[in-house]
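Take a look at the structure set out below.
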Amino acid sequence: MTLTDRIGQMREYFLHELSGLTTAKDLESLKLKYFGKKGSIQALMMELKECSSNERPLFGKMINDLKEELAAHCENSLTRVKAEELKARLQEEKIDPTLPGRRQFSGRSHPVVQLLDRAVDILIGMGFSVRLGPNADTDFYNFGGLNFPEDHPARDMQDTFYLNHEWLLRTHTSNVQVHAMEEMEPPIRVIAPGRCFRNETISARSHVFFHQIEGFYIDRGVSFADLFATMEEFWSKLLGEKVETRFRPSYFPFVEPGLEVDVKCTSCKGKGCKLCKQTGWLEVCGAGMVHPNVLKMGNIDPDVYSGYAWGMGIERLAILQHGIPDIRMFTQNDLRFLSQF
């Protein structure tokens, strides 16, 4: 077969293959087959060296003409194929206005945030101002200024995330107390909502981070009666009904005397149930009168001023209020759980 016959045959094969292509990807494969470095046209060019010096210019021109002709066919086919692909895609993506709309799911607050916001709104309505404290603080504001002795167990590495010998992640929102007393003059009526961190084993009842609200009131003549009245009013508003409160003696380094606050179980009305462990009461927070040493650390004279403070865990309250069996459910981002609130 002469070179002229080879050129004519290649034209026929190309046009036959081109007519069956339907996608741009297939067209690119065809171009690579004929125009690539190891393609059919390059193979023809390599055969020129076997031609005589008189034939070489003629056959060289014929191969170049073939190359230009096939390239033009490729460009025309590419335009056609792209137009067909676009038409097919538009047909497939065509919007049918008669179809029902897709339901849009709106976001919502996390159940912990919902409860935290409710508590903050109630306390603001009772005359408290909101003050936020740092998540990372010094040992003094987290422990020393709150009357924690040097050998107190809470200072141990097993409970606290220490960043270095001085700085740590706060273990409670009580670190706001001394900050506020240093910068404000009595009367001080402050709540401090925020996140806390403790180096504990994660379980159904405890986590390495959680949320608290710290509240304290410092002024002349503040007494236990003020604390009792505040607690009763707050819990009645938060739980949506007039609740009965109970106070039990307890120990906290930063209050003296200290106490635990219980409310009558809102589920069984004090008769005893699984939620309250058959006691009829729910433990909701710790409280007490601000220790004189803490007042001194905040540059406030304990002979002139007194105050009360309390702190409550938001996750614990949500667990008690909704009967949630595992605190880890709050951080697993399971929409089946979160969408219930």
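All of the numbers you see were taken from the coordinates with simple rules; none came from a lab. Just so we're clear, the structure is a prediction, and the values are computed from it rather than from any experiment. Using ideal geometry, Cβ is built from the backbone for each residue, glycine included, and neighbour counts are taken over all protein chains shown.
About its Cα centre, segment 233-341 has a charge dipole of approximately 540 debye under the convention of +1 per Lys or Arg Cβ and -1 per Asp or Glu Cβ, with nothing else charged. Where only DSSP H runs of four or more residues are counted, the chain gives -12500 deg cm²/dmol as its mean residue ellipticity at 222 nm, each run worth -39500 (n - 2.57).
Specify whether the C-alpha gyration tensor of segment 216-333 places it in the rounded, prolate or oblate class, a ≥ b ≥ c being the square roots of the eigenvalues: rounded for a/c under 1.5, otherwise prolate if a/b is larger than b/c and oblate if not.
Values: a/c = 2.56, a/b = 1.84, b/c = 1.39.
Prolate is the answer for segment 216-333, as a/c is 1.5 or above and a/b outweighs b/c.
Of all lysines in the structure, those lying under 27 Å Cα to Cα from residue 67, and not within fewer than 8 positions of it along the same chain, are 25, 31, 33, 37, 38, 49, 82.
Convert 4 °C to kelvin, take the viscosity as 1.567 mPa s, use the Kirkwood radius over C-alpha pairs of the chain as Rh, and evaluate the Stokes-Einstein diffusion coefficient in µm²/s, rounded to a whole number. Write down the numbers at each step before the final one.
Values: Rh = 26.7 Å.
Taking Rh from Cα pairs, D becomes 48 µm²/s.
For the chain, 51, 74, 196, 285 have no disulfide-compatible partner, since no other Cys C-beta lies under 4.7 Å from theirs. If the segment from residue 79 to residue 226 were pulled out straight at 0.36 nm per residue, it would be longer than the present Cα-Cα gap by 44.5 nm.
Placing +1 on the Cβ of every Lys and Arg and -1 on the Cβ of every Asp and Glu, with nothing else charged, gives segment 3-92 a dipole about its Cα centre of roughly 260 debye.
Simple spin-label estimate for residue 165 and residue 124 gives 4.3 nm between the two label positions (7 Å along the Cα-to-Cβ direction from each Cα). In segment 111-338, a dipole from Cβ-located charges (positive for Lys and Arg, negative for Asp and Glu) runs towards its positive end, and of 294, 204, 135 it is 204 whose Cα lies farthest in that direction.
Compute the length gained on full extension between residue 248 and residue 183: take 0.36 nm times their separation in residues and subtract their Cα-Cα distance, giving the result in nm to one decimal. Write out the running numbers ahead of the final one.
Working: separation 65, 0.36 × 65 = 23.40 nm, distance 3.26 nm.
Additional length available on full extension: 20.1 nm.
Here the label points at residue 52 and residue 93, each 7 Å from Cα along the C-beta direction, are separated by 6.1 nm in the simple model.
Using the beta-carbon distance between residue 86 and residue 336 and R0 = 41 Å, what value does 1/(1 + (r/R0)^6) give for FRET efficiency, to the nearest 0.05?
Working: r = 42 Å, r/R0 = 1.02.
With a Förster radius of 41 Å, E is 0.45.
Net charge near residue 225, counting Lys/Arg +1 and Asp/Glu -1 over other residues with Cβ under 13 Å of its Cβ? Display every interim value, and only then the final one.
Working: positive: none; negative: 226, 232, 233.
Net of charged neighbours comes to -3.
Give me the net charge of residue 319's neighbourhood, meaning all other residues with Cβ under 15 Å from the Cβ of residue 319; Lys, Arg count +1, Asp, Glu -1. With Lys, Arg at +1 and Asp, Glu at -1, the net is +2. When each full DSSP H helix of the chain is screened for a Cα extent of at least 30 Å along its own axis and an average Kyte-Doolittle hydropathy of at least 1.0, none passes. Contact order for the chain, expressed relative to its length and based on alpha carbon pairs under 8 Å spaced 6+ residues apart, stands at 14 percent.
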